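Asks: Questions regarding the structure given below will be posed in turn.
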Amino acid sequence: MSWKGKTRGGLLGYKIFVFVLNQLGLKAAYFLLRIVSTYFVFFVPKASKAIYRYYKDILRYSTYNSLKAVFSNYFIFGQTLIDKIAIMSGAVSDFSYDFDGEEHLHQLREGGKGGMLISAHLGNWDIAGFLLKRINIKINIVMFEAEHEKIKNYLETIVQNNTVTIIPIKGDMSHIILIKKALKNNEIICMHGDRFVKGSRVSKKSFMNKEAYFPTGVFSIAHKLNVPYTFVYCLKEKPNAKHYKLSSTAIKYPEDSPLDILDDYVKSLEEKINQFPNQWFNYFDFWNDEAEGAVIE
């Protein structure tokens, strides 16, 4: 099983959680989430099997601890989505964060050429765009067009003071033009480097002591456009906490090949996963032996 370019979840589910959040508060939304997380464990077998394998085969958890961790993973993932809505809509204003390496983003802004933040489906970097208003720089998140359009449109109706723009990845490559335009305007591009879809170019790397495929497109863009880049992450401190830990590595310029940038990214991602194992949110067979429909480099 490979990723199909869509994130599971329906518009009705988002509306229900927004209603509970606005009428009953964050704790009530978290309580409802426990029921939803339990449902996913038992009734979404493909995703549960994939994340169970991550704990059992990759992290070497016991069977019992792996099963517990699957629920915890769903629960924390749901919390990050609820937190994002709470922050975006202004429903909850007392979230806080620590940022290790914030000076690197200030450096990008002052450089006048924009920059690229390369992240992963680890934690929730969308939240950082709303927490980092004091940096005073526009952030563009590049994501697959296949993500649910109705959900994105609905979230736009509840967002307050949105400083984040979505650039959809399209087959006609028009997103490249938008990326170049944003960089010319000294804006930030945020892309994830840990998912690919059919037709993508990929490279096999040793990741968490087992080989996995990573898309090379993100790193080729940084290299071809000669964009300064950093690896960034936004992790929830612990379940139920209204506090996030943000981090940014030192700014680098793509002097080496795209695959060299990918090597550094994989090392950085491994370090963060070991620190926050329950915030790895890739619900498909990431360590698949075959890159279905991809072009292997």
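Asks: Loop only by DSSP, 15 or fewer other Cβ within 10 Å of the Cβ. Give me the GluC sites (Glu not before Pro) in segment 171-244 that pass, ordered by residue number.
Replies: In loop regions of segment 171-244 (DSSP not H, G, I, E or B), the sparsely surrounded GluC sites (Glu not before Pro) are E237.
Asks: DSSP H helices in the chain with Cα extent of 27 Å or more along the helix axis and mean Kyte-Doolittle hydropathy at least 0.0?
Replies: 63-89
Asks: Can I ask one more? Using only the Cα atoms, what convex hull volume per residue in Å³ does segment 150-284 have?
Replies: 160 Å³
Asks: Related question: Averaged across orientations, what area in nm² does the convex hull of the alpha carbons in segment 11-296 project?
Replies: With the hull built on Cα positions only, its mean projection is 14.3 nm².
Asks: Could you sort out which of K56/K198; K46/K238; K27/K238; K68/K272; K49/K267 sit more than 18 Å apart by Cα distance in this structure?
Replies: Among K56/K198; K46/K238; K27/K238; K68/K272; K49/K267, the Cα-Cα distance tops 18 Å for K56/K198; K46/K238; K68/K272; K49/K267.
Asks: To continue, here is another question. What is the distance in Å between the Cα centroid of segment 12-76 and that of segment 196-219?
Replies: Taking the Cα centre of segment 196-219 as reference, the centre of segment 12-76 is 26 Å away.
Asks: Taking the Cα centre as origin and putting +1 on Lys and Arg beta-carbons and -1 on Asp and Glu beta-carbons, what dipole magnitude results for the chain, to the nearest 20 debye?
Replies: The dipole magnitude comes to about 800 debye.
Asks: Compute the Cα gyration tensor for segment 4-94, then decide on rounded, prolate or oblate, letting a ≥ b ≥ c be the square roots of its eigenvalues: rounded whenever a/c is under 1.5, prolate when a/b is larger than b/c in the other cases, and oblate in all that remain.
Replies: In terms of gyration-tensor shape, prolate.
Asks: Arrange I169, I177, I251 by Cβ neighbour counts within 10 Å, fewest through most, would you?
Replies: So the ranking, lowest neighbour count to highest, is I177, I251, I169.
Asks: Name the most mobile residue of F207, F31, F231, meaning the one with the largest mean-square fluctuation, in a Gaussian network model of the chain with Cα contacts below 10 Å.
Replies: F31
No value in this document is a laboratory result; all are computed from the given coordinates. The shown structure was predicted, so the numbers you read here are calculated from the model rather than taken from an experiment. Please note: Cβ atoms are built from the backbone with ideal geometry, for glycine as well, and neighbour counts cover all protein chains shown.
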